[in-house]
Amino acid sequence: MRTDLNVDGMTCAACANRIQRRLGKVDGVEVAQVNFATGRATVTHSSSVAEAALTAEVEALGYGVIDDGDDNEAEQAREAQLRRRLIVGIALTVPAMLLSMIASLHFDGVEWVIAALATPVILWSGWPFHRAAWMNLRHGSTTMDTLVSMGSLSALIWSTVVLLGDVGGGLVYFETGAVIVTLILLGKWFELRATRRSGDAIRALADLGAKTAQLEDGREISLDDLAVGMRFVVKPGEKIATDGVVVDGHSAVDASMVSGEPVPVEVGPGDEVIGATINANGSLVVEATRVGADTALAQIIHLVDQAQGSRAEVQRLADRVSAVFVPVAIAVALATMIAWLVLSGDTDAAFTAAVAVLIIACPCALGLATPLGIMVGTGRGAQLGVIIKGGEVLEDTRTIDAIVVDKTGTLTEAAMTVTSVDAPEMTTAERYRVVTLAASAEAKSEHPIAAAIAKHSSELIEVDAFHNRPGSGVVATVDGDEVRVGRRTLFDSVPAEVEAAAATAEESGATAVLAGRAGVAELVFVVADRIKDTSADAVAAFHDQGLTVTMLTGDNARTAAAVAAAVGIGTRPGDDVIAEVYPDDKAAVITRLQETGHRVAMVGDGINDAPALAQADLGIAVGTGTDVAIEASDLTIVSGDLRAVADAIGLSRRTLAVIKGNLFWAFAYNTAAIPLAALGILSPMIAAGAMGLSSLFVVSNSLRLRRFAGYRSPTS
């Protein structure tokens with residue numbers, strides 16, 4: 001059995017790890033995984049374990065469990081609360097800093113005003129840090145929240161003692177505590193905004209299906225009331241209510257949400273159809289074979305949900321540093337106080353040195369290193385048409401060595417167009433005449449290929465009679481001529497030269513549509529999903545980045561091979577082309593690559609790509625595709641230019657490098673300054689200044705990301 005819990009109150013990856021360990025120890029639990037970014041705990045367990053027991057374990061640690069229906073509302077409430085605390089922090093900290101730093105603003109009793117401004121920031125705005133620190137202390141662990149809480153409270157307590165008791169040389173550090181809280185809250189705000197939409201893919205998928213079905217007798221019922229064996233009618237343009245078998249009628253069904261391919265599937269009696277696909281032109285009667293959780297759409301939803309829920313949370317770089325740094329800093333502060341008391345007996349000097357250690361150790365720069373790098377990196381990404389969803393994505397790009405690319409809509413335009421017209425043995429005038437007649441006839445059809453042919457002619461003639469031949473094509477009377485457009489079987493005669501032209505078109509991976517008059521095929525429309533102009537450059541860029549490229553498609557092997565050759569897939573050892581795959585197959589391909597030791601990025605644009613995007617180590621959605629694909633991905637490229645994917649990977653890697661640099665130098669500042677503070681060489685004020693310089697370096701280093709150029713010019 002599997003149970004999903006929405007956990008409230010987690011502040012960092014350490015919280016997720018603590019809950020995961022606790023749930024994993026429950027008898028009957030096989031696997032417990034907690035995702036900090038999504039706030040979800042996914043537990044696989046035996047039937048003997050009740051959900052209430054799992055909830056009790058989470059609550060015993062001091063966290064809450066939210067009902068599914070209240071999840072989004074609770075998330076919005078958390079965001080609103082953080083925003084209020086941040087606004088109060090900024091509004092009170094800025095004047096406190098100005099009063100403290102600008103001598104011309106000083107007046108008698110200014111310290112009391114600064115105290116009045118800073119105290120609400122430290123106590124109320126900083127309350128989440130104090131609460132988390134206390135919770136961590138109860139369980140014998142420390143995080144960045146511990147140093148934020150101790151540093152800000154130490155500054156407040158010591159400054160209050162100085163103000164009331166006139167000790168410590170009269171120096172107060174109220175504004176230092178307020179700055180600590182406000183800067184870290186700002187980092188939390190950036191972090192929350194980057195990850196708050198991570199659960200929308202499931203909701204978007206659920207909205208795709210039809211809501212009602214019309215039965216054969218004309219009654220309209222809710223989809224929940226539809227049962228296996230019932231027959232329902234699907235009119236042109238409507239969604240098919242559920243998976244079933246056609247029992248009457250012929251039509252073309254747009255199954256791109258499953259296959260990802262733009263060419264509609266011709267269906268007739270006995271053919272299977274999938275729920276939520278769209279009936280293009282004919283009326284169908286369908287007998288339901290699968291309903292509810294058994295449908296293909298429901299299975300896709302399950303695949304996405306499973307991939308997201310089972311994905312291990314990548315612990316933040318700053319948390320990994322603080323796991324060692326925080327307890328060491330606290331120990332040094334305590335040791336400093338004890339050493340001063342033992343060696344000098346000077347209480348003021350001992351407390352001042354200890355506070356200086358905590359202030360210089362307080363992780364303003366460490367806390368800003370990741371969110372500020374993310375903020376600048378994602379801002380530059382937006383300028384380049386790249387949307388990066390959170391800090392985990394940056395780490396995921398570090399070891400990516402394989403990229404899987406969907407064909408339709410990613411490498412190609414995902415729209416059928418006439419690429420050429422082959423008219424053997426015809427004069428220009430005759431060719432123009434037949435093209436015009438055929439386009440005029442196809443203009444009466446709702447089939448996407450017919451629409452492509454109709455658009456190919458600049459002139460359309462009134463059609464006198466029109467007959468659709470399901471599965472074969474159309475027959476029409478146009479300007480006195482009987483015109484046929486469709487497959488070979490529609491014609492009485494197909495000359496050898498026309499047959500050869502059609503075969504050549506099909507060998508290149510295109511669709512051959514014949515057209516002619518009086519039952520004789522005279523020319524061939526070559527219809528294809530055109531390859532994007534930038535796809536070959538993008539594949540070359542992936543190779544430059546050291547990636548092997550695999551192309552997945554639901555299309556046939558011949559078409560897939562032609563597209564792969566055209567864009568350069570196969571020129572590097574390890575490249576691969578896999579054709580005729582469906583949603584679960586795509587996710588399985590990703591899994592197989594991962595099982596062989598590869599770190600895999602997946603690029604896609606359709607609903608059918610969503611499970612694979614969620615399963616991949618790095619999911620990249622083409623923004624011109626569906627909302628579901630975008631929500632299931634980690635990176636989104638706004639344009640259809642595949643070179644933006646190379647930009648996305650390059651920018652993510654660069655941003656991660658900058659964040660690592662931020663963490664190293666922020667850590668180095670603190671490491672170098674802590675011994676000086678412990679020896680009494682750095683006063684708390686100088687320590688606060690050094691902390692500010694550390695933060696300034698992090699800011700300036702992060703701003704370098706604004707110069708990232710990528711593989712495209714800024715205007716491309």
Its Cα gyration tensor gives segment 454-574 an equivalent ellipsoid whose semi-axes in whole Å, largest first, are 39, 15, 11
Once both label points are put 7 Å beyond Cα along the C-beta direction, the residue 161-residue 533 separation in nm becomes 7.1 nm
Amide H neighbours of residue 469 at under 5 Å, excluding residues fewer than 5 places away on the same chain, with H built from the backbone geometry, are 474, 475
Once both label points are put 7 Å beyond Cα along the C-beta direction, the residue 247-residue 294 separation in nm becomes 1.6 nm
In nanometres, the difference between 0.36 nm per residue of separation and the alpha-carbon distance of residue 79 and residue 343 is 90.2 nm
Of the listed links 188/407; 444/532; 211/455; 211/586; 239/407; 25/660, those spanning more than 32 angstrom between alpha carbons are 188/407; 211/455; 25/660
Given unit charges at Cβ for Lys, Arg (+) and Asp, Glu (-), the dipole magnitude of segment 2-66 about its Cα centre in debye, nearest 20, is 220 debye
Projected onto their principal axes, the Cα atoms of segment 2-66 stretch, largest extent first, over whole-Å spans of 31, 17, 17
Expressed in nanometres to one decimal, the distance between label points 7 Å along Cα→Cβ at residue 700 and residue 417 is 5.0 nm
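Read-outs: derived from the displayed coordinates by stated rules, not from any lab. The shown structure was predicted, so the numbers you read here are calculated from the model rather than taken from an experiment. Note that each Cβ is placed from the backbone with ideal geometry, even for glycine, and that neighbours are counted across all protein chains shown.
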